Each structure stands twice: as structure tokens, then as C-alpha cells.
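Asker: One structure is given below, represented as C-alpha cells, and several questions about it will come after.
The values are calculated or read from the model by the stated rules, or taken from the named source; none is laboratory data. Just so we're clear, the structure is a prediction, and the values are computed from it rather than from any experiment. Glycine gets a Cβ as well: all are built from the backbone with ideal geometry, and neighbour counts include every protein chain shown.
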Amino acid sequence: MYPRICFHIITIFPEYFQSALNCGQLKKAIDKQLVQFVFINPRDFARDKHKTVDDRPYGGGAGMVMMLEPLDLALSCVPEQSRKILLSPRGRIFSQTLARDLAKETNLVLICGRYEGIDARVEQLHNLESISVGDYVLNGGECAALNVIEAVLRFIPGFMSKKDSFEQDSFSNGLLEHAHYTRPEVYKKYKIPEVLSSGNHAQIAKWRRTNALETTFKYRPELLLNTTLTEDDRSFLASLPQKHVGKNLYLALLHFPVLDKFKKISTTSLTNLDIHDISRVSTTYGLGGYFLVTPLKDQQNLAQRLLVHWTKGPSASLNPDRAKALRHTKVVSNLEEVEQSIEQKTGQKPVVVATSAKQGQVAPVKIRGLLERKPVLLVFGTGYGLAPEVLKKADLVLQPIGYCRKYNHLSVRSAVAIIIDRILSEFW
Ligand SMILES: C[S@@+](CC[C@H](N)C(=O)[O-])C[C@H]1O[C@@H](n2cnc3c(N)ncnc32)[C@H](O)[C@@H]1O
């Protein structure tokens, strides 16, 4: 019988793998000839009597680099059709999806780096694919290779006993797995969920699904963004208590002082779409409030009339959703008034975060962190953006959307929607 998959491991430490391959399911799989391991040591291809495989880096700096030739010669020993993987912190992050894909191969080559890594030309010479096991640095690729081996083998038919189907594993269906319990039914004061000993398979399946959804929501909510969910799943998730850090976030849309197209300080007029669309975004994400800031009395009156029309008049009963959104919107004369209003409501001065298409360094994730502890006021400009004095006075300036792109001229309402989602996402 031919092994279903063969791992060709290029390493200067083949002994690293010995205990892992000599116990449990891995040993059984080798004994059953389901899997084969071939070790190739670059030292065997070194030219000097010391078997040197590392050298100093060009350009100077600390550490050594794995030399090109011993790795090139080691790689010339593997079957031509193999998929060749370099374990590297700068690779694509390893995942259950990638493990499932690699399990389709017959020959997988795993190259384990050491020192500061390998001479970069090996990657070009052998068209290597890089995989990282996470955003941290290990001493060498061996430990990472073992991760890949175990995760891949779980997809090889015959590796797992029938009852341990990988289909129920965490990540296989885009969710973390449900909790498990075994005997005894009660330990100290802790009982197992009653349904699990009921013998009702439909109820057990339902419990497992909702438990998996709840666990994923609690620990890895971002996974839910890429998972296919049924209507029942979605209504269950909507019933869970939300963290609501969004209520600490406030928005101000400034109509003065802003720049005009000649870069002069000016005052802009209200835009109906900005009033409606930004109110709707604020309400969807559960923000603390949305302030329309204009010093012009007639513009303030106009905004008030509009808000009353939608929140109190016949339109409110005809379109209650819109009324709900616009009820969170307030009209004020200047930014100081906004800050005072937030301080009165929360008892804390808000951190003022200005926005710009051109400047700013603070990442949205930092704002997300601040919201756990204090109110944050995000300030957006109309016209050609906030006046320099507003940017200067702000505590922080947020990193622009599309700063890596040649064009990033968004309408303010689009920018608000994107920024709010980057800070709060669907599940935060
Ligand atoms: C000390 S590390 C080199 C780290 C490198 N100087 C850097 O900062 O990116 C030595 C080797 O360990 C392996 N390694 C370290 N961290 C890894 C990770 N997160 N995923 C996969 N391989 C890793 C790679 O093979 C790497 O060449």
C-alpha cells in the first residue's frame, strides 16, 4: 500500500520530530502506512568539513542566515510535483481551510527555517509558498511544521476514528465548536446542561448549534462575518446581550470651520442626505449621539424643522424607523457645545478624534480600545475638510481611509459609514 500523503521535511533538526511521530494517532498513521515522513537535512549538502549551513547577512545586522546552496540541493531531492511550503512568520496565516486544501496533495514539502531565516532567493528558485502559524516568532520552523502536519492529517480519511469526524471541529463550519461534557453528570455544584442527557437528538443538535454560535460570538466574533448563517442563527445572535461599547462613541459633523476648494476657512450649508444617512448609521451601530454643528441660525432652524418633521409629525408614524434614527440627532452651534453635552451626559470629557483624508496616524482599533473606558467624539468635516485649527486642537487624528490608494475622495457620509464599521464592526 502507498501512503496517502508523504511529508518531505527539510530541517537541520530531524530529531525534533521524533517524539511527536512516535506517539498517539501520528504513530498509528505511520504504522498503517497512511502517511510517510522523509527527512532531508541541508547539512548533508554543506561543502565544508564543519557542515556549515549559515552565514552572515549581507548589509550587516544581528544573527545568521540559512545559506542558499544547501537548501537548493536539499530541495532538488523532493518529487517535482510536490507543493513546497516554507514555514515563515511572513507567510499566509495557517487555517483549517488551508489545512483542508493541503490535504489534497500527495507530496508536501515543509521547509523549516532557523537563525534569522533563509536566503530569500530560495523562495524564487523553488517557487515556495509561505505559511505562518501565527503572528509571533518561533526559534525555528520545526514546531510550525508539526502544526501543519497534525492539522492536515485530520483531513486524511482513516487518520481519525469514525466518531471523531473533523466536520464538527472548530472552524470546519466557520464557527468554534460547542462545549463538551462527560461523566459524571454533576461534579461539586456543576451540572451538565440538562438537554444533553435527554436523549432527544433534535434538541441536542439545536443546543450544540446555539452553543457554538454563542461561543463564537463571545471569543471570536469576527468569524461570524464569514460564516453562512440561517435565519434562526441570526435571530439567536441578535438575542444575545451585546457589549455596547458603541454607546460611548459620538459623532459631530462640522459645517464651520471647514475649508473650501481654495483652502480658505468657510461655512458650508447642511446637506439633507448627511442628516438622514449619518443618523441611520449612528442608530444601527448604537452610537451615543450625532451632532450637526453649524453656527448659522437659519441653518439651525432649518435642521430643527426637518428633525421635527420626521420625528414628531405624521411622517413619524408613517416611517417610524426613520423617526427612531433621527431622534438621536441634535443641532448645536459649535464643537465646545458638543463636548459639554457629552460631558454632562457621561460625566467624562470625551477624547476628541479628528478625521482627514490626508493626515492622521491613529488606527481604528485604538479607538475601539478607548471606547471601553471613555467617551470618544469623532469629528468629521464638510466642504474640503476640517480647518487646520480643528485638527490641531483634537486629541488624536484618525488614520485616513484609503491612505495607500491614489484616490481617496469619499463623501463624508461614506467616510462615516466606513470608519464606524472599522471601529465597531458588526459584533463589537
Ligand atoms: C527566529 S525565526 C526568524 C524570524 C525572522 N527573523 C523574522 O523576524 O521574521 C527562525 C525560523 O523560524 C520559523 N518561524 C518562526 N516563527 C514562525 C511562525 N510564526 N510561523 C511559521 N514559521 C515560523 C521560520 O522558519 C523562521 O525562518
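Asker: Could you please find all residues in the stretch 139-154 being assigned to a loop (DSSP other than H, G, I, E, B) and either near the ligand (Cβ under 7 Å from one of its atoms) or more than 15 Å from Arg100 (Cα to Cα) (or both)?
Answerer: Asn139, Gly140
Asker: Which ones in the stretch 369-428 are among the charged types (D, E, K, R) and over 20 Å from Val281 (Cβ atoms)?
Answerer: Scanning the stretch 369-428 gives Glu372, Arg373, Lys374, Glu389, Lys392, Lys393, Asp395, Arg405, Lys406.
Asker: Could you please tell me which pairs satisfy a Cβ distance under 8 Å, a separation of 6+ or placement on different chains, a first residue in the stretch 126-142 that is over 23 Å from Asp72 (Cβ atoms), and a second residue that is modelled with pLDDT under 95 and more than 6 Å from the ligand (Cβ to nearest atom)?
Answerer: So the pair list comes out empty.
Asker: Do we have any residue at all in the stretch 90-98 that's farther than 27 Å from Glu167 by Cα and either within 11 Å of the ligand (Cβ to nearest atom) or in the same structural domain as Phe17 (by TED's automatic domain parsing) (or both)?
Answerer: Yes, the stretch 90-98 has at least one match.
Asker: How many of the residues making up the stretch 382-407 are aliphatic (A, V, I, L, M) and farther than 15 Å from Val362 by Cα?
Answerer: The qualifying residues number 3.
Asker: Turning to a different aspect of this structure: How many of the residues making up the stretch 352-375 are among the charged types (D, E, K, R) and either assigned to a loop (DSSP other than H, G, I, E, B) or in contact with a Ser or Thr (Cβ under 6 Å, 6 or more places away or on another chain) (or both)?
Answerer: The total comes to 4.
Asker: Out of curiosity, is Lys243 among the charged types (D, E, K, R), farther than 22 Å from Ile418 by Cα and within 18 Å of the chain's Cα centre (by Cα)?
Answerer: Against the criterion (among the charged types (D, E, K, R), farther than 22 Å from Ile418 by Cα and within 18 Å of the chain's Cα centre (by Cα)), Lys243 does not qualify.
Asker: Within the stretch 105-138, count every residue that is surrounded by fewer than 12 Cβ atoms within 10 Å (Cβ to Cβ), away from the ligand (no atom under 13 Å from the Cβ) and within 26 Å of Phe171 (Cβ to Cβ).
Answerer: Residues flagged as surrounded by fewer than 12 Cβ atoms within 10 Å (Cβ to Cβ), away from the ligand (no atom under 13 Å from the Cβ) and within 26 Å of Phe171 (Cβ to Cβ) within the stretch 105-138 amount to 0.
Asker: Looking only at helices (runs of 4 or more DSSP H) that fall completely inside the stretch 264-318, which ones have 1 or more residues that are surrounded by fewer than 17 Cβ atoms within 10 Å (Cβ to Cβ) and within 32 Å of the chain's Cα centre (by Cα)?
Answerer: Once the helices (runs of 4 or more DSSP H) in the stretch 264-318 are filtered for at least 1 residues that are surrounded by fewer than 17 Cβ atoms within 10 Å (Cβ to Cβ) and within 32 Å of the chain's Cα centre (by Cα), what remains is 272-284.
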